[in-house]
Structures are given as C-alpha cells and as structure tokens.
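Presented below is the structure to which this report refers.
The values are calculated or read from the model by the stated rules, or taken from the named source; none is laboratory data. Computed from a prediction, not measured in an experiment: that's the story for all the values here. Here the Cβ positions follow ideal geometry from the backbone for every residue, glycine too, while neighbour counts run over all protein chains shown. SASA here: full protein model, heavy atoms, side chains in, ligands and nucleic acids out. Shrake-Rupley method; radii C 1.70, N 1.55, O 1.52, S 1.80 Å.
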Amino acid sequence: MADVGIIGVGTTQFRPETREKLFKELMYEAAYRAYLEAGVDPRRDVDAFITASEDLWEGLAIFDEYVPDQLGGVLKPVFTVGGDGIHGLIHGYMLIKTGRFDVVAVEAHSKASEIEDIKKVVRFALDPIYLRPVIEDVDVLAGLEMAASLGCYGIDMDTVNEVILKNHFNGSFNSAPYAQNLDENSFETPEYLAEPLRTLDVAPYVDGGAVVVLASKDYISREGLEPVWIEGVGWATQGGRFERFLDMPGEGLAAAARMAYDMAGVSRPRRYFDLAEVDDRFSFREPVSLIALGLASGDVNIDYADRVFEMDGELPVNVSGGFLANGYPLEAGGLMKLVYAARQIWGEAGPNQLDDVEKALVATRREIPSTTYGVVVLSG
Amino acid sequence: MKMNIYRKSRVACVGAGLTLFRRRLMETSDELMWLAARQALDEAGLTIEDIDCIVFGTAPDNFDGIHMQSEALADGAGAVNKPYTRVYVGGGTGVFSVIAGWWHVASGLCDRVLVIAEEKMSHVQPHPQYLFHHIFDPVTEKPLGVNLIWIFALEMHRYMYKYGIKKEDIALVSVKNKRNALDHPSAQVAAKITVEDVLNSEVLVWPVQRLDISPVSDGAGALVLVSESEAKKLTDEPIWIDGVGWSLDTMYWTNRDLAFPVYLYYAGKMAYEMAGIENPRKEIDFAEVYDPFDYKELHHMEGLQLARKGEAPILTREGVTERDGDLPINPSGGLLGVGNPIAAAGIMKVAEVYWQLRGMAGKRQVKKDVVTGLAQAWGDLMQVGTVVIMRR
C-alpha cells in the first residue's frame, strides 16, 4: 500500500468560455466539489493548499496572493507552484510524505478565454534575445517540434491522424466540448498552421478548474476511505533551451517516468497499466509520450495500426478524449487528466467507463515552449 | 541544546552561495544563478551531477520579462533532465524555496537538493514599482494608482499609532543594519549613517522616507540541502533545518488590522512547534528577520514572538538587537544594508544563519555562542510569513 491517496476530486465543467464566472469562482466551485467528495472541511481538516499557475496566465503579478480566500486556506500554509497541476500534486505528495501533513488540497485552473491574445503571452516565454525576435507566431514552435518528433521517432502521419480520430471519437461519448465527427477524409485538405502542423493537430484552449484532495495513509485508514493511491511520482525538466530540446523531444519525459516507475516498482509498463492519460496538447505528442513512457512496442506506428490504444484495445490511451477533444486548460491540464483517471479507477467515469481499471498512468507536459514533464502512477 | 523530538527525518544544509547584490548587474539571470549555485556546491564538496532535485525561487515572473520564467532559467539552475520546480509566495519566496527544499529531502524523495533563488529587478523600466502596480486587485485597487510604498506607509503608520512608536526609534534599525552590512562582501548599500540622516532623507510616502527602505537589487543565492545520511558523509558540521512554517492571510488586506502580522505569528508557531521551541525569546539565539523597510524588522520581531507587541523598538534602542547584543537581529546587515533582490534576499538570510551557526561569518560573526537561528521572509499583499529554524 502506498503512503498517499486521493480522497476527493472536483472540477467545474470545462468549456471554451466561462464569461459568467471569475477565476476565483471557478476555483471555489472545483474546491467545493472536491471537499464535499472528500468529506473534509478546509478550515478544520486541510493542512496545506497548493495552486499551480503563472502570473502571465492570470494577468496579475505575484498571483499567489489571490489564492487563499476561495480555497478556504486563509491563515494556513498556502503556496503556488509555477508549473502544471501535476507538479502541484507532486508537492502535495511530498508534503504528506514528510509525516507532518495529513490532508493537502491541490488546485489548478484556466481562464484562457479571458486572455486577449494568448499567442502573444506564449511568445513571451521565448528567450528574448535568441528566439523571440525570429518567432513571430508560436505555431511555428509546435510545427518545429512536430517535424523533429516525427523525424526522431519515425512516426508516420497516418499514426498522427489515428491519434486525432481516436481522441475525438472517445471525446464524443464524454461530452467533450471540442469533439468532432471526423474520418479519414477530414485530412484530405489540411489547413496548415506551420507545416507539418495542421489545425486538427492542435488542442484548443478551454476554461475550467480542478481540485484534488490528498491524504495520508493514516488519515485514510482512520476515516475508512477508499482512495486512489499514488504509487509513484516523477518530474523532470529537459532543459532551458527549446532549440536544443528539438534534438530529442521527450527525453525529459523518459527521465520523469523512470523516477515514477522506480518508486512504484513498475518494470514492464505496457503490461502494468490498464489505462493511460498522456499529453496530447498537440496530436503528435501522444505517440512521443507513449514511446518515452515505454508504453509503445518496437514500432509505435504498428501499435496504432493494430488499435492497441483504442478504448477497447490492449492499453486504452486518452479514453477521456484527451486535450484534443476536451480542450487544453493551461496548468489545469494535468489535473484534468488525473481526475479522469481517478474516476476510471473508482468506476465513476461515465459513458467511457472501462472494466476493471486498477492501475493508471497520467503524464503531462506544460504549454510550449516548456520542457517540463510530470508523471503519476495511480492504483485502486 | 534542545532536540527536536517531533522530527521524522532530519535535513541538513551543507553549503551556501551568494552573488554580489547590486543594481544593474551585467550578468544574465542564468549566470547569476550559476555563480551562486557553484559557490554553494563548492562549499558542499559536490557537483551538479550529484544533485537529485532542484528548487527554484523567484517572486513575480515579470522582472526578467519572460513568461514561465523557471523554464527559461532551467539551464542556469543546472536542470537538464532533472526534477526541477519553481515555488513562489511573493516576497516570502526566498525563505519559502528553502522550505520546499526541506520537504524534497524530508519526504525521502531526494537526498541532495540544490535550492536557488534569483531576482533581477533592474530590467524593469522606468522602475520596479511600475511592475508592482500589477499585484493589486484590478477592480478595487489598481484604479487608485496604488503602489507598494503607499500601502506599506499605511501599515507603518498604523504600527506607530497603535504602540506610540517614534520615527527616531524606527530609524535606529536602518542605522544598525546598514552598519552591519559594512562587513558583508555582497552588500549593496552598506553605510555609516545616523538617525538624523534617516529623518532628513527624502519623504516618499509619509512616514516612509528614502533611508527607511531597501534598494532595488539584482542577485542570486543558493543552498545545498541533504538528508541526514548524506550530511554525515559530507561534513562534520552540518547545520540542521529543525523547523519550517508558513502562513498566507487573506488577500483583502484592507480588512485586517495592520498593526500586528498575524500570518507571521501562525508561521512562527508552526515552525516553533516543529522545532520543539516553547519560548522563542529565550530559545532563539539570533534571527535574520525580513527588513525591506526598517519598521518591518520591528513588526516581524513581534510577529515571531521575539518581542512583545510594541516592545521591539525598545529592545532596539537598548542595543539588544545589535551584533553583540543579547538577541542579535540581522547581523548580516539585512535587506536595508545588503540589498533586496527579493527571492535572493530571502536565501541570503538563510545563508547568513547557516554561516553564523558554522562560525563562518567572519567579521559579521555574532559575539555570543549561537546554537539556534531563525530566518524569516514576508511578502504578497502584506500577507505571507515564511520561517526556517536552523540548529547546529
């Protein structure tokens, strides 16, 4: 048995626009639902609160100021991680592992629709001397990464198309806001953003919030709860230069996966997991992730041709519909996937519920040009 | 020496590094981080290859003019295919990044952690205060044209009014800290000044005057934290992190009584309980408390229970907080003397506690024998307290 478990999760709806709500209300709504599910009172039971965000997504400098009130964390240990929600969760995991915290709440959200020109904000993440002057449109970065990824790993365009078809298909049963009814003909007249990157390769942004409540083994046993256990966590940054990242996209993910697998005792990941929710912010990142995570066989193209990662395949991947169908909620991306994986283990995933999900893997990367990954191994 | 009977696994500091603190340093942020990290690693007898995990601290993103700043500065931190993360709680980030380093080790996930904090404020034109304008609520506060000095003037005024404190007593903090900083090799604004100099300096927002305030600074600091078993291999003189605490108050600062930093009281309480400290005034031998303004040193001493409410100015006037006093406060020279590259200034405080406890502070070494030291930082909208307690 692991030392840390998930005892409650809560999300808002993930929608392209949430004009009627402030970001604080999204946070509150997700937190309220998670606390209710976990059966905790934040003022009494939660020992620490973590938010994952960045100032420029919010349009507020020192964003952590804006966190405690709507989470119930006033005058308690609260902090913010400049990372994906998965990184927030990993910090929560570590806090509980110190033995000094019993219950920790982790929050992440997106109000992408409120950002007037999100591409300009993303471009602001580029090195101001070497990259920003030569990259006018950040789609070029994704195009470069796609070309490098296909080249490095020998991924076929047919495989990339399979990813898009699969995830939109999965999402169509799952009320995913961006799910489309696509088929092979949908790729005949591609709309290129930065060749080879096409419109269909990109997950659109979405608004929403997610909160996950973690607890120690002692608390869980004391309260008689049925958690989803966190068996292993791993995280890694590949480096600070995007241009160097293109030499081997996904190397950092392999490092993060090694850490998580070592912790969880996973030696044969392909056989170990019943489900994987992996990064598909861009379509090609799904096969890259599966290779780096050791979930693909010798040739990932054959895996996709053999429908291994379909909902009824040997290892279902992005059964939720992934970011491609549900949208990409910025730093809440990791928690969106993690909440879905936890719900699958609990048997509460709705229309796409699979049979007997015991072990699940969640792996994410932050928005381009980030090279930071997070991996979590879950079990029922 | 009192042992911490509550600890699960002990975390030691085995190396510290600090760049110069200056306005408009020519080095890039990456280079500053590398300089501080290299010094800390050298002191610990380690290389970056020996490090398992890296924690990075910086206050707002925007000083470097880069979104997702930690990603851009990963190379300066040595974070290549390594676990690397950025945490932040505004001005409290420097000490908080050490707390994050503590839980990386105390959780058992990492054995050797490099903690780096960096701030390069000089980039902001025409002045960093322009950026701080964006920390305020965009609906209720920003339209007022408010800036940080404006709200700290409110807090200073309230503190003075509630306890009948005179400007002359507060000015003594600036005089002491700038004098202490004369012995600090990184210091930016060390000086021998008088109370009259402070009282005659330019009024910024009454009662805050030019010499009540720390400067705009660039700089970086780094620490190496390791597990107990690693510490025994690396040094005979590890300095232990025996207590950590932090607390964040509501962002609605206008609804609070600014005379007492209740968030810091809770942060200190958390750290004291963990370190097994029941009487901080007696059991803390010296402290590096956050002093971006001179009144904040006094305010924070009271929040940390190192003085009773309204008593800190009296202790200062009586020389208790001098380097050779009974309770030395900011023997480094603090932010008022050494400088204030926000997150790096917090690391500077923890580094000073580490060097003092190891007897490595040179001319800054406090006179009394010290076993237990405390470092603290503060930030956000007068909202967060972060505390680290170290023992030798």
**Q.** Zero-based 10 Å bins, Cα pair distances in the stretch A:310-369, whole percents
**A.** 22, 56, 20, 2
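Return the inverse of the average 1/r over all pairs of distinct C-alpha atoms in chain B, which is the Kirkwood hydrodynamic radius, in Å to one decimal. Can you show the working numbers first?
Details: mean 1/r = 0.0490 Å⁻¹.
Averaging 1/r across every pair of different Cα atoms and inverting gives 20.4 Å.
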(Q) Suppose we keep just the alpha-carbon trace of the stretch B:224-338; what are its Rg and Dmax in angstrom? (A) 15.9, 51
Q: Quote the accessible area belonging to B:Phe286 in square angstrom, nearest 10, computed with a 1.4 Å probe and with ligands, DNA and RNA left uncounted.
A: 0 Å²
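Kirkwood hydrodynamic radius of the stretch A:252-380 from all distinct Cα pairs, in Å? Present the calculation step by step, with values, prior to reporting the outcome.
Values: mean 1/r = 0.0692 Å⁻¹.
Mean inverse Cα-Cα distance, inverted, gives 14.5 Å.
Per Stokes-Einstein, at 37 °C and 0.692 mPa s, what whole-number D in µm² s⁻¹ belongs to the stretch B:87-158, with the Kirkwood radius over Cα pairs as the hydrodynamic radius? Write down the numbers at each step before the final one.
Details: Rh = 15.0 Å.
It comes out at roughly 218 µm²/s.
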Q) Considering the zone a paramagnetic label at A:Asp156 would reach in this model (a point 7 Å from Cα along the Cα-to-Cβ line), which residues of the stretch A:184-205 have amide N under 15 Å from it? A) A:184
Q. GNM, chain B, Cα, under 10 Å: largest mean-square fluctuation among B:Thr194, B:Thr58, B:Thr254?
A. B:Thr254
Q. Taking Cα centroids, how far is the stretch B:174-221 from the stretch B:222-242 in Å?
A. 34 Å
Q: Pull up the cross-link candidates among the lysines for B:Lys120, meaning alpha carbon to alpha carbon under 27 Å and not fewer than 8 places away within one chain.
A: A:Lys119, A:Lys120, B:Lys82, B:Lys142, B:Lys176, B:Lys178, B:Lys192, B:Lys296, B:Lys349
Q. Along the charge dipole of the protein assembly as shown, Cβ charges K/R +1 and D/E -1, which of B:Phe136, A:Asn161, B:Gly243 sits furthest on the positive end?
A. B:Gly243
Q | the stretch A:183-303 - percent relative contact order, Cα under 8 Å, separation 6 or more | A | 23 percent
Q) Between the helical axis of A:139-153 and the dominant principal axis of chain A, each derived from Cα atoms, what acute angle in degrees is found, rounded to the nearest 10? A) 80 degrees
Q: Take every Cα-Cα distance within the protein assembly as shown, group them into 10 Å bins from 0 onward, and report for each bin the whole-number percent of pairs it holds.
A: 3, 15, 26, 26, 17, 9, 4, 1, 0
Q.
So, R0 is 41 Å and r is the distance between the beta-carbons of B:Asp50 and A:Ser267; what FRET efficiency does that work out to, to 0.05?
A. 0.95
Q.
Rolling a 1.4 angstrom probe over the protein chains, ignoring ligands and nucleic acids, what is the accessible area of A:Tyr28 in square angstrom, nearest 10?
A. 120 Å²
**Q.** Inter-label distance for B:Lys363 and B:Leu182, nm, one decimal - labels placed 7 Å from Cα along Cα-to-Cβ
**A.** 0.8 nm
Q) So for the pair A:Glu348, B:Val205, with labels modelled 7 Å out along Cα→Cβ, what separation do we get in nm? A) 4.7 nm
Q) If amide H atoms are built 1.01 Å from N in the plane of the peptide, which residues on other chains or at least 5 residues away come under 5 Å of the amide H of B:Val87? A) A:Gly82, B:Phe56, B:Thr58
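Using a 1.4 Å probe over the heavy atoms of the protein chains, calculate the carbon and sulfur portion of the accessible area of chain B as a whole percent. Write out the running numbers ahead of the final one.
Values: 6580 of 12600 Å².
C and S atoms contribute 52 percent here.
What is the average number of partner chain Cβ atoms found within 10 Å of a Cβ in A:259-267?
Working: counts 5, 0, 0, 0, 2, 0, 0, 0, 0.
Mean shielding by partner chains, rounded to a whole number: 1.
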Q) Among B:Val124, B:Val350, B:Val89, which one moves the most in a GNM of chain B with springs linking Cα atoms closer than 10 Å? A) B:Val124
Q: Counting helices only, and only those DSSP H runs with n ≥ 4, report the 222 nm mean residue ellipticity of chain B as the sum of -39,500 (n - 2.57) divided by its residues, in deg cm²/dmol to the nearest 500.
A: -10000 deg cm²/dmol
Q | Accessible surface buried upon A-B contact (total; probe 1.4 Å; Å², nearest 100) | A | 5000 Å²
(Q) Solvent-accessible area of B:Lys232, probe 1.4 Å, all protein chains present, reported in Å² to the nearest ten, please. (A) 140 Å²
**Q.** For the stretch A:1-155, the fraction of alpha-carbon pairs in successive 5 Å shells from zero, as %
**A.** 2, 8, 15, 17, 16, 12, 11, 9, 7, 3, 0
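Assign unit charges at the C-beta atoms only (+1 for Lys and Arg, -1 for Asp and Glu), then state the dipole size of the protein assembly as shown relative to its Cα centre in Debye, rounded to the nearest 20.
On the way: 74 positive and 111 negative charges, 650 e Å.
My answer is approximately 3120 debye.
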Q.
Rounded to the nearest angstrom and ordered from largest down, what semi-axes does the equivalent ellipsoid of the stretch B:8-165 get from its C-alpha gyration tensor (root of 5λ)?
A. 33, 20, 15
**Q.** Dipole of the stretch A:213-268, positive direction: furthest Cα of A:Met263, A:Gly239, A:Val213, with charges on the beta-carbon
**A.** A:Gly239
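Can you figure out the FRET efficiency of B:Lys282 with B:Glu318, using R₀ = 22 Å and their beta-carbon distance, to the nearest 0.05? Kindly include the intermediate steps, with their values, before the conclusion.
Details: r = 17 Å, r/R0 = 0.77.
The computed FRET efficiency comes out at 0.85.
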Q.
Using Cα springs under 10 Å in a Gaussian network model of chain A, which residue among A:Met259, A:Met248, A:Met27 shows the largest mean-square fluctuation?
A. A:Met248
Q) Where Rh denotes the Kirkwood radius from the mean inverse Cα pair distance, what is Rg over Rh for chain A? A) 0.94
Q) In whole Å, what are the Cα extents of the stretch A:213-296 along the three principal axes, biggest one first? A) 50, 29, 24
Q: Counting helices only, and only those DSSP H runs with n ≥ 4, report the 222 nm mean residue ellipticity of chain A as the sum of -39,500 (n - 2.57) divided by its residues, in deg cm²/dmol to the nearest 500.
A: -10500 deg cm²/dmol
Q: Calculate the all-directions average of the projected area of the stretch A:40-130's alpha-carbon convex hull, and give it in nm².
A: 7.3 nm²
Q: Could you give the size of the charge dipole of the stretch A:70-223 about its Cα centre, using +1 on the Cβ of each K and R and -1 on the Cβ of each D and E, expressed in debye and rounded to the nearest 20?
A: 1080 debye
